[in-house]
Each structure stands twice: as C-alpha cells, then as structure tokens.
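Note sheet for the following structure.
Just so it is clear, none of the values below were taken in a lab; they were calculated from the coordinates. Predicted, not measured: the structure shown is a model, and the values here were computed from it. Note that we place each Cβ from the backbone using ideal geometry, even for glycine, and neighbour counts take in every protein chain shown.
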Amino acid sequence: MTGALAAGWLLAAGTAALPAGVYLAGVRIRADGGRTWPPGRTASWLLGCLLVGAALAPPLEAAATRAPGHMVQHLLLGAAAPLALVLGAPVTLLLGTLGPTARRPVAAVLHARALRVLAHPATGAVLAVGGLYLLYLTPLYALSTRSGPVHALVHGHLLAAGSLFAWAVAGPDPAPRRPGTGVRVAVVVAAGGAHAVLAQLLYARAGELPPGAGLTAGEVQAAAQVMYHGGHLVDLALVTALFAARYRRRWRSASRRDVRGRRGSEAVARAG
Amino acid sequence: MAGARGGYPQGVTAAVPPVLPRRAARRRSLLTGAMLGVAVMAAADVVVFHLLLGWHHFYDRSTTSVGLLSDGLLQTGYLVLLVAGAFRLADARRAGTLARRSAVAGFVTGLGAFQLFDGLVDHKLLRLHQVRYGVELLPYDVAWIGASLLLLVTGVGLTLATRAEGREEG
C-alpha cells in the first residue's frame with residue numbers, strides 16, 4: 001500500500017470515526033444518567049458517518065475522477081449522508097447531555113436571529129442546489145479537479161448545505177420558527193425540481209458542461225442520469241422522513257388525548 | 001372494517017358521536033386513492049418505460065424549456081403525492097375512517113388520469129419525449145391514450161358505484 005493510499009484511508013476512517021465516537025460518548029453519558037436514547041437515532045447517525053467515510057474513501061475518490069463516480073460521491077456527501085446524520089438528532093442529544101449552564105450558550109445560538117434566516121428551508125435549498133448550479137455551470141468544477149483545497153471545500157460545502165437543508169425540512173432536532181408542512185413540502189418540490197432541471201441541462205449540453213472540465217459527452221450524460229434518478233431517491237427519503245415525523249407526532253398527541261377519555265380520530269379529523 | 005363504516009374509530013360504539021361523517025370520510029378516501037393512483041402510475045412510467053424498456057428518452061432535442069422545468073417540478077411532486085398518500089392511507093386505517101372501496105375507485109381514476117395527462121401534455125404538448133422512438137408513433141399513442149381512457153372510465157364508474165359508502169346510516 002502506497003503512502004498516499006494509506007493516508008487516504010486514514011483520512012476517510014478518521015472523518016467517519018470522530019463524529020461517531022463523540023456521538024456514542026454522548027449516548028453513554030445519557031445512559032449513565034439513567035436516560036435512554038432511541039437506538040434508531042444512534043443507528044442513523046452511525047450510518048451517516050459511514051456514508052461520509054465511504055464517499056471519501058480511496059476507491060470512490062478514484063472513481064470520482066470519472067463523471068458518474070463523481071456524481072455518486074456528490075449524492076452520498078450532499079444528500080444521503082446529511083439526511084442520515086440529521087435523523088440522528090445530534091443537537092437534541094447535545095442539549096440533553098450538557099448541564100444547565102453549559103446548555104445556555106447552545107440555546108443562545110439556537111435562538112439567534114441569524115439562525116432563524118439560516119434555518120428556513122429555502123435558505124438550505126438555495127445553498128445546496130444553488131451550490132450545484134455554481135459548481136457545474138461555472139469553471140468551479142474544473143478548478144476543483146485541479147486544486148486539492150478547492151476539492152475539499154466543495155465537499156465541505158455539499159455536506160454542510162445538505163445537512164442544513166435536511167435539518168430545516170425534516171430534522172427531529174428543534175429549529176427556530178420551522179414553517180409548516182405545506183411550506184416545507186413546497187420548498188422540497190422546488191429544490192428537487194431545480195436539481196432535476198440541472199441534471200437535464202447537463203445532459204442536453206454534455207459537450208460543453210461543466211466548462212473547462214474536458215469531460216466526454218457520454219460521461220457527462222451518464223453522470224446526469226445518476227444525478228437525476230439519484231436525486232429523486234433522496235427526495236423520496238427526505239419527504240418520507242418529513243411525513244413520518246408528522247404522523248408520529250399526530251398519533252402521539254392523539255393517544256395522549258385518549259388517556260383523557262377522548263378519541264384519536266378527532267385529532268385526525270381536525271388535522272386533516 | 002365493521003368499525004370503519006360509520007366513521008367511528010375501531011372499538012368505539014355509537015355512544016360516542018361520529019367524529020368524521022361518512023361523507024367526509026368517503027371523500028377523503030377517494031382523494032387518498034387518487035393521489036396514490038397518480039403517483040404509482042408516474043413511478044411505473046419512470047421505472048418501466050424509462051429505466052427497464054428504455055423506450056422513453058431521458059430528454060429529447062424537441063423538449064421545450066417550459067417542458068423541462070415543469071417535468072422537473074412534476075417528478076418531485078409525484079414523489080410527494082406518493083408519500084403523502086401513503087401516510088393519509090395509514091392515518092385513515094388507524095382512525096378507522098377508510099372507505100376502502102372508494103379508495104380503490106379513486107386509485108383507478110388516478111392511474112387513468114396520470115396516463116392521460118402524460119400522453120397528452122407530456123408527450124404531445126410539452127414534447128418531453130415520445131412513447132417510443134424509431135417506430136411508427138400513431139399506434140403507440142392510440143394504445144397509450146386508449147388505455148388511459150379505459151382506466152379513467154373504469155375509475156369514474158367505480159366512483160359512482162361506491163357512492164353508498166358515503167351515505168349516513170339510518
């Protein structure tokens with residue numbers, strides 16, 4: 001194994017292991033305090049860490065020099081991993097693990113006015129999908145294949161923007177003034193639509209886009225189809241997470257009402 | 001489904017007033033079925049004709065830019081319909097307010113409605129792609145639109161035939 005390859009594996013493993021370890025430590029602290037944590041959330045977070053690690057591991061990095069491989073990497077980093085991470089509810093875990101004094105600065109950040117704008121699903125959508133338009137329609141993509149730091153920056157942006165979007169839309173973690181289901185669904189449809197249009201644009205102008213990348217038309221067309229269908233798969237998961245959370249919330253409050261002698265379908269009748 | 005017929009939650013007797021009138025429950029079941037019908041046919045279109053058979057093209061040169069944008073939005077919209085419909089179905093089943101035969105009627109109507117829309121608007125008006133390439137198109141279009149009309153007529157027939165599910169008892 002060459003040094004560069006070993007370093008690549010080490011980087012991928014470290015990037016996955018560090019957040020996984022911190023999270024597990026948090027779950028452990030809770031357990032020591034006698035409080036449980038849903039195992040599904042832990043599993044989701046670990047899956048997210050694994051997906052990030054897989055996306056950065058040498059085999060996929062090597063495949064990513066070809067356009068379709070790059071697209072798989074971008075779907076993992078920018079969409080699949082963020083959703084899995086967000087469903088792990090890391091902020092809820094953090095708040096529950098910290099003591100009352102340590103919790104205060106975290107709560108202050110959550111209540112900051114700036115976060116309110118950042119936490120709107122539309123902001124996440126623009127950062128995530130707008131970032132892709134910037135990447136594929138400008139020479140940025142070509143630059144990212146030549147410069148290591150730009151490459152890393154693009155990956156960081158994909159992961160961060162994707163996580164912001166998934167959290168704003170579906171996250172079990174609290175968000176300041178999260179808009180209602182209708183607004184969030186509308187933003188997902190607009191973002192998914194814009195993602196699909198970009199994929200079709202790349203397909204239609206495969207000879208010229210991304211500018212300066214020197215990719216063959218066939219390669220870009222294959223990548224565009226991965227982007228199109230993969231994007232829809234991730235949208236499906238995102239929308240399912242959104243509706244599942246709503247369904248659980250509704251029936252939980254309905255069963256609470258049952259205890260008080262009223263019936264669950266009333267909640268359904270009103271909420272429908 | 002005895003508990004569902006009067007719009008009562010399962011296990012609740014008539015001592016508790018019905019929380020969702022049968023008419024409303026039926027209308028909601030019809031709509032849920034239609035949402036799922038549209039979404040399932042849209043998904044079948046992508047999986048069967050685009051991915052498996054490769055008849056439909058991902059994009060063809062005569063696609064208009066309006067067509068491109070609306071296709072992008074519609075495809076995501078169908079996903080939302082699929083998921084929203086599935087959770088509405090689960091909700092209604094759990095609340096015991098699912099009018100099952102009406103839901104089926106809505107489902108068949110939705111299947112036909114999507115296919116007719118796809119055949120007329122997507123293929124002909126927006127020219128996203130054609131049914132198949134390199135063949136005489138007319139028989140394919142006739143079969144496509146004919147099948148959609150057959151489904152639609154069946155769906156409307158079932159909708160009329162299941163009206164009783166919406167009548168209040170007694």
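Helical runs (DSSP H, four residues minimum) scored at -39500 (n - 2.57) apiece and divided by the length of chain A put the mean residue ellipticity at 222 nm at -26500 deg cm²/dmol.
Roughly what angle does helix A:121-137 make with the longest principal axis of chain A, taking Cα atoms, 0 to 90 degrees, to the nearest 10? Value to nearest ten degrees: 10.
Taking only Cα atoms, what is the 0 to 90° angle, nearest 10, from helix A:217-259's long axis to the longest principal axis of chain A? Value to nearest ten degrees: 0. Eigenvalues of the alpha-carbon gyration tensor of chain A, scaled by 5 and square-rooted, set the equivalent ellipsoid semi-axes at 36, 24, 16 angstrom, largest first.
All distinct Cα pairs of region A:43-198 go into the 1/r average, and the inverse of that average, the Kirkwood radius, is 16.6 Å.
For chain A, the longest principal axis of the alpha carbon atoms and the long axis of helix A:181-204 meet at an angle near 10°. Using a ≥ b ≥ c from the Cα gyration tensor of region A:57-137 (square roots of the eigenvalues), is it rounded, prolate or oblate, where a/c under 1.5 gives rounded and otherwise the larger of a/b and b/c decides, a/b for prolate? Cα axes put region A:57-137 in the oblate bin. Note on chain A: with a GNM built from Cα contacts shorter than 10 Å, the maximum mean-square fluctuation among A:ARG146, A:ARG113, A:ARG252 falls on A:ARG252.
Between A:ALA122, A:ALA81, A:ALA112, find the one with the highest GNM mean-square fluctuation for chain A; connect C-alpha pairs within less than 10 Å. Largest GNM mean-square fluctuation: A:ALA112.
Summing +1 for each Lys or Arg and -1 for each Asp or Glu, what net charge is found among the other residues whose Cβ lies under 13 Å from the Cβ of A:GLY96? My count for the surroundings of A:GLY96 gives +3. Build a GNM of chain A with springs between Cα atoms under 10 Å apart, and of A:VAL150, A:VAL220, A:VAL52 the one that fluctuates most is A:VAL150.
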